[in-house]
Amino acid sequence: MYYEMIGFHGEHQGEHTADGVPEPQLDRSTLFLDFDGTLVDLAERPDAIEVAPDLGDLLAALSERTGGRVVIITGRAIEDITNYLQGFDGPIIGGHGAQERISGEIRNHEFADPETVRHLGEMATAFAATHPGLICERKPTGVVLHFRQDEDLAAPAYAFLRALSETHEGFDLHHSKMAYELRPAGIGKDVSMRRLMEQEPFAGTMPIFFGDDVTDEPALHWVSEQGGLAVKVGEGETAAGCRLGNPQAARRTLRRWIEA
Ligand SMILES: O=P(O)(O)OC[C@H]1O[C@H](O[C@H]2O[C@H](CO)[C@@H](O)[C@H](O)[C@H]2O)[C@H](O)[C@@H](O)[C@@H]1O
């Protein structure tokens, strides 16, 4: 297998590490990192997360070791996540693949028609305003209703967004952690990864992905299929070959790699 030729020996390599995650050759890898639930703990609200003080240094060191191939791949909008990634100027895939920032410039998916997204956002905002406990998160490419503060609001949130998805062609309804989201049809972290891995300077390197959510599973599956290193963070069924308990453990493993 190709990745064995370039020095990666798959699952067997992890047998002797304390965390069970093998140590890849970073200079021959592309490291995709999910954000919420993977690099930072989940919080009550999207704007209430606490970023570990050393995260910036960790990402900088990993970027150096991979030759700039650390890719943040998140459901958040790029305009939002950059607030938490001060100093990181590497590639970012945002909105679950609906946005990308590869060489500094942000590009939105062509199907995320701004007028339709604005309309969806306004309607979801109005709905949340009449359902205390629901949080509406507007993105340049879609909209989310968060029900973490009141799980009884999951069913009405679902019904509302489902109705919107049926009346707005090109937008699909997705379930993630304590949230429902409308996003452009046809996008996905796996789709973005595949496209990116065909381009320089990523082509020919081994994909690594750390992710925590059901929305990360297609990408974890794809990375596993490629013979790359797929790491599930937290509980739940997964296609990944490795698992770490929480974001703190994920950061510890990443730190181990740069200290090796
Ligand atoms: O792909 P990710 O980087 O994991 O982003 C997924 C979603 O993360 C955020 O929502 C989640 O985290 C919040 C803060 O901890 C939490 O309150 C919420 O319940 C979670 O669903 C973010 O707000 C979303 O836009 C992302 O899609």
**Report entry** Selection from Gly142, Val71, Ile81 lying farthest towards where the dipole of the range 63-202 points positive, charges on Cβ
**Finding:** Val71
Query raised in the report: Across 5 Å bins from the origin, how do the percents of Cα pairs in the range 45-171 run, short distances first?
Result: 2, 10, 17, 18, 17, 14, 10, 7, 3, 1
Report task. Quote the charge dipole size of the range 114-184 about the Cα centre in Debye, to the nearest 20; the model charges only the Cβ of Lys and Arg (+1) and of Asp and Glu (-1). Result -> 180
Report summary line: So for the chain, using the alpha carbon gyration tensor with a ≥ b ≥ c as root eigenvalues (a/c under 1.5 gives rounded; past that, a/b versus b/c decides prolate or oblate), I'd call it prolate
**Report entry** Computed helical MRE - 222 nm, the chain, DSSP H runs ≥ 4 contributing -39500 (n - 2.57), nearest 500
**Finding:** -9000 deg cm²/dmol
Query raised in the report: Scaled to the compact-protein estimate 2.2 N^0.38 Å, what is the alpha-carbon radius of gyration of the range 114-184, rounded to two decimal places?
Result: 0.97
**Report entry** Partner lysines for Lys139 [C-alpha distance under 23 Å; skip if fewer than 8 residues away on the same chain]
**Finding:** Lys177, Lys189
Query raised in the report: Taking a probe of 1.4 angstrom, what is the accessible area of Asp47 in Å², to the nearest 10?
Result: 100
**Report entry** the range 124-260: C-alpha pair distances exceeding 19 Å, %
**Finding:** 60
Report summary line: Lys and Arg at +1, Asp and Glu at -1: neighbours of Ile258 with Cβ under 13 Å from its Cβ sum to -1
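The values are calculated or read from the model by the stated rules, or taken from the named source; none is laboratory data. These figures come from a predicted structure and were not determined experimentally. Glycine gets a Cβ as well: all are built from the backbone with ideal geometry, and neighbour counts include every protein chain shown. Side chains are part of the model used for accessible areas, which takes the heavy atoms of the whole protein and leaves out ligands, DNA and RNA. Shrake-Rupley method; radii C 1.70, N 1.55, O 1.52, S 1.80 Å.
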